[in-house]
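A quick write-up on the structure given underneath.
What follows draws every value from the coordinates through simple rules; no lab data is involved. This is a predicted model, so every value here is computed, not measured. Quick reminder, even Gly has a Cβ in these numbers, built from the backbone with ideal geometry, and neighbours come from all protein chains shown.
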Amino acid sequence: MAWLRERVLADPVCNAHLRPGQKLVFGVGTPAAEIFFCGEGPGADEEQQGEPFVGPAGQLLTKIILAMGLTREKVYIGNVMKWRPEMPTEWGNREPTPEEIAFSLPFLRAQLAIVQPKVIVALGNTAVNALLGPDPDRKMKDIRGRWHAFEGVPMMFTYHPSYLLRQTANSAKRQVWEAMLEVMQRVGLPISEKQRAFFSGK
């Protein structure tokens, strides 16, 4: 993993897309992780710190991981993209293009091959499209919370934490949490009655 990290951080294409003074974002966690969380790509906070999921959405993901009885150090967190897709301003984010995804996917595949997780958790549409291939008719609401597979590895799709930050009702949070309960069960993590009831209104 250290060798792969050095190769990504030195990659001329990745660096050509990097904003001045910002950092590429490789991934964090243990290569021995049973759960691999895969997101879209870095945002402003991530490219400043060189670490995935450290902004508001990342803080929410950390809370989800802690609620599962784990820590960021006991899972692996990565993105499809290693650089933040360029915008004409310093603010805002955009979805990566198919060409950007195609270039970046081998790096993600290599990370997955090293970690060999028991479960991949794909967060949001970009991660889903990268791992399953693009499909304009595929809707997250139809596939979320269901098991799929990526090269033989069980894969759970759910909403990106940034989506949850825009929701006021607990229903979306409950849907994500139900997916996490499925993941916990798949990898053999203990689940308490308190955990089962999170966001259920009980």
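Using the 10 angstrom Cβ neighbour count as an exposure proxy, how do Trp3, Trp83 rank, fewest first?
Taking fewest neighbouring Cβ atoms as first place, the list is Trp3, Trp83.
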Self-check item: Computed label-point distance, nm, for sites Gln49 and Ala197 using a 7 Å Cα→Cβ extension
Solution: 3.3
Quiz item: Fully extended, how many nm does the chain gain between Arg174 and Trp3 (0.36 nm per residue separation, minus their Cα-Cα distance)?
Solution: 57.7 nm
Quiz prompt | Furthest towards positive pole of dipole, Asn125, Trp177, Ala32, structure part the range 2-196, Cβ charges | solution = Trp177
Quiz item: Around Ile143, what is the net charge, scoring Lys/Arg as +1 and Asp/Glu as -1 over all other residues with Cβ under 15 Å from its Cβ?
Solution: 0
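Go through 171-184, 32-45 and give me the packing order, highest mean Cβ count within 10 Å leading. Don't jump to the answer; show the numbers that get you there.
Working: 171-184: 18.4, 32-45: 22.5.
Most protected by this proxy first, the peptides run 32-45, 171-184.
How do 97-106, 156-165, 133-142, 189-198 rank on mean C-beta neighbours within 10 Å, highest first?
156-165, 97-106, 189-198, 133-142
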Self-check item: Anchor Lys74: aspartates and glutamates whose Cα lies under 12 Å away (excluding residues fewer than 8 positions away in-chain)
Solution: Glu34
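If you put +1 on each Lys and Arg Cβ and -1 on each Asp and Glu Cβ, how big is the dipole of the range 2-196 around its Cα centre, in Debye rounded to 20?
For the range 2-196, the charge dipole is close to 600 debye.
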Quiz item: Of Val187, Val8, how do they rank once you tally other Cβ atoms within 10 Å and put the fewest first?
Solution: Val187, Val8
Quiz item: Can you give me the Cα centroid spacing of the range 149-202 and the range 9-84 in angstrom?
Solution: 20
Quiz item: Near the amide H of Phe150, under 5 Å away, which other amide H atoms are found, from residues 5 or more places off or on another chain, if H is placed in the peptide plane?
Solution: Met155
Quiz item: Quick one: length gained pulling Thr97 to Gln167 fully straight, 0.36 nm per residue minus the C-alpha distance?
Solution: 22.6 nm
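Which shape class applies to the range 108-202: rounded if a/c is under 1.5, otherwise prolate when a/b exceeds b/c and oblate if not, where a ≥ b ≥ c are the square roots of the Cα gyration tensor eigenvalues?
Numbers: a/c = 2.29, a/b = 1.26, b/c = 1.81.
Taking the square roots of the gyration eigenvalues as a ≥ b ≥ c, the range 108-202 is oblate.
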Self-check item: Spin-label pair Asp137/Ala32, simplified geometry with 7 Å Cα→Cβ offset, distance in nm
Solution: 4.6
